[in-house]
Amino acid sequence: MNEQITPAVLNTAKHLTVGGVDTLALAQQYQTPLYVYDTGAIRTEIAAFKQVFEANQVHYQISYASKAFATVAMYQLAAQAGIHCDVVSGGELYTAKQADFPMAKLSFHGNNKSIEELTMALDYGVGCIMVDNFYELQLLAQLTAEREQLTTIMLRIAPGISAHTHEYISTGQADSKFGFDLTSGQADTAVKQAQAAPYLDLVGIHCHIGSQIFEVDGFKLIVDKLVALFARWQTELNFYPKIMNVGGGFGVKYTSADQPLLPTEFVDAIIKETIAQTQAHAVPMLEIWIEPGRSLVATAGMTLYTLGATKEIPGIRKYLAVDGGMGDNIRPALYEAKYEAVLAKNPTLPSDEVVSIAGKYCESGDMLIWNQQLPATQPGDILAVLDTGAYGYSMASNYNRNPRPAVVFCEDGHSQLVVQRETYADLVRLDVPLVTKVNN
Ligand code: PLP
């Protein structure tokens, strides 16, 4: 049985619930495929991160990396929780603005922000721009000078450390499209240029070392490297960064094979290392920023599908097809991400067979799950694919001209639609019919 199916997520009818709401009722009310979130679980994750900072009595900021799941309602939830958010495009920025998210609590990331996007950020009064490269630094220096608008920035650096799950490698030369390179001296030059720009207020340094990280070592290495760098910059450049932003990437449990640390364990290690290193290098204690994305929303979300066609190849495999697939969750096809599924009407039923869950898109690669144990199913049954809350909806597409699913928030036994299901009319809304021959 799936480890996450505890008695707490079952109701008296033994149906799977989310935020105290019966998933079968959700499927009936809002149809499938459907993204559903337990918003109480998101609040709990945020509170856990906050608690460890508070317990250590350090200055901090939690900035939700909204690329993981960005909707008006999610920005509202983040605002209610009092945290910051990162955006990476004019579209995310616009969505946050529509949600009345406090602009002073937004950070704007991206390796190729356009002049229009930077202007929009300045118009909106975005709290911090994470400057990624020299082109952007010069552009922003010019724009802020023209507007005489003092603007807070951090510089994103490529620290030469990258981490992914259990592996982390330390490389002399960071080969990444993001950030100022450390080893070649680009980061030093960027600091000097920022210092020389009269309307740029350089408050800190940012880096992000990877995703789905399961070990604290990569983060500790980052802290060691950054604090040593800051010590050198104090003497050589007279630059005292106030903020050290170590990014996101805290690993989550997608399947029983994943054994992530608690978010709080990561943060505790980062704080302790920062205290030790700043003392060792005689650098003032830093304000620590983190940017959790998936760790706030992944396990709070699931996708409900209706089962349809079955194909059994004797002795080889049984395929169960659902009414969604790579259009609502590209992660398995894109990077072989693994998920687990349960039968919503009775997730505790003993599993009879091993099946593979196929999507409905015209691609052989459109497989959501290979080799999932499930009890006997029938067409029309509701399948819940668990832990799809991060990079599911936000990476959804209209491939094959399938409408994107609705999103529903659930909490304390109540549900609320927060993104409507797309209609066929929505799919052609931006299409412009060919009136006559193009060259006429
Ligand atoms: N911060 C930055 C700069 C990122 O690029 C990302 C993701 O790519 C994140 C934070 C969030 O990462 P995750 O969702 O793995 O926590």
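Overview of values
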quantity	calculated
Bins of 5 Å from zero: percent of alpha-carbon pairs in segment 95-251	2, 9, 19, 20, 19, 15, 10, 5, 1, 0
Environment charge at A358 (Cβ cut-off 13 Å; Lys +1, Arg +1, Asp -1, Glu -1)	0
Separation in nanometres of the label points that stand 7 Å from Cα toward Cβ, at D412 and A104	2.9 nm
For segment 35-84 and segment 240-272, distance of Cα centres in Å	14 Å
Links that overshoot a 24 Å alpha carbon limit, given the list K177/K225; K50/K177; K177/K272; K225/K253; K50/K113; K97/K338	K50/K177; K177/K272; K225/K253; K50/K113; K97/K338
Cα gyration tensor shape of segment 1-51, rounded if a/c is under 1.5, else prolate or oblate by comparing a/b with b/c	oblate
At R0 = 30 Å, FRET efficiency that the Cβ-Cβ distance of D258 and Y424 yields, to 0.05	0.20
15 Å beta-carbon shell around T39, net charge (K/R +1, D/E -1)	-3
Accessible surface ranking that places the most exposed of D123, D224 first, with a 1.4 angstrom probe	D123, D224
Average projected area [Cα convex hull, segment 333-438], square nanometres	10.0 nm²
Compactness of segment 262-390 as Cα Rg over 2.2 N^0.38 Å, two decimals	1.50
Mean Cα-pair separation over length for the chain, i.e. relative contact order, pairs under 8 Å, 6 or more apart, %	20 percent
Other-chain or far-sequence residues with amide H under 5 Å of W289's (modelled H)	Q61, M244, N245, V246
Angle between the chain longest axis and helix 115-124 axis [Cα atoms, degrees, rounded to 10]	90 degrees
Degrees between helix 186-196 axis and first principal axis of the chain (Cα, 0 to 90, nearest 10)	60 degrees
Karplus 3J(HN,Hα) series, Hz, for segment 100-110 with 6.51 cos²θ - 1.76 cosθ + 1.60 (x for Gly, Pro)	6, 5, x, 4, 5, 9, 9, 10, 10, 9, x
Acute angle (nearest 10 degrees) that the helix 134-147 long axis makes with the longest principal axis of the chain, alpha-carbon atoms	70 degrees
Amide H within-cut-off set for F180, under 5 Å, with H built and near neighbours excluded	R156, I157, A158
Exposed-site-free run, longest, the chain (rule: GluC sites (Glu not before Pro); DSSP loop; at most 10 other C-beta within 10 Å)	149-335
Potential lengthening between V438 and Q138 on full extension [0.36 nm per residue; Cα-Cα distance subtracted]	103.9 nm
Residue-normalised accessible area of segment 13-142, expressed per residue, 1.4 Å probe, Å²	37 Å²
Spin-label zone in segment 291-309 - amide nitrogen under 18 Å from a point set 7 Å from the Cα of S356 along the C-beta vector	308-309
Cα-only Debye scattering, the chain: base-10 log of I(q)/I(0) at q = 0.06, 0.10, 0.13 Å⁻¹	-0.29, -0.76, -1.16
Cα-projected label distance for K177 with T189, points at 7 Å along beta-carbon direction, nm	2.1 nm
R0 of 35 Å, Cβ-Cβ distance E3-N112: FRET efficiency to nearest 0.05	0.25
Pair N371, E54: separation of 7 Å Cα→Cβ label points (nm)	4.4 nm
Mean residue ellipticity (222 nm) of the chain, computed from DSSP H runs ≥ 4 via -39,500 (n - 2.57), nearest 500	-9000 deg cm²/dmol
Theoretical FRET efficiency, 1/(1+(r/R0)^6), r = Cβ-Cβ of R43 and N398, R0 30 Å, to 0.05	0.45
Accessible surface of the chain [probe 1.4 Å, protein heavy atoms]: carbon and sulfur percent	52 percent
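The values are calculated or read from the model by the stated rules, or taken from the named source; none is laboratory data. Keep in mind it's a predicted model, so treat the numbers as computed, not measured. Positions of Cβ are generated from backbone atoms using ideal geometry, with glycine treated the same way; all protein chains shown enter the neighbour counts. Side chains included, ligands, DNA and RNA excluded: accessible areas come from the protein's heavy atoms. Shrake-Rupley method; radii C 1.70, N 1.55, O 1.52, S 1.80 Å.
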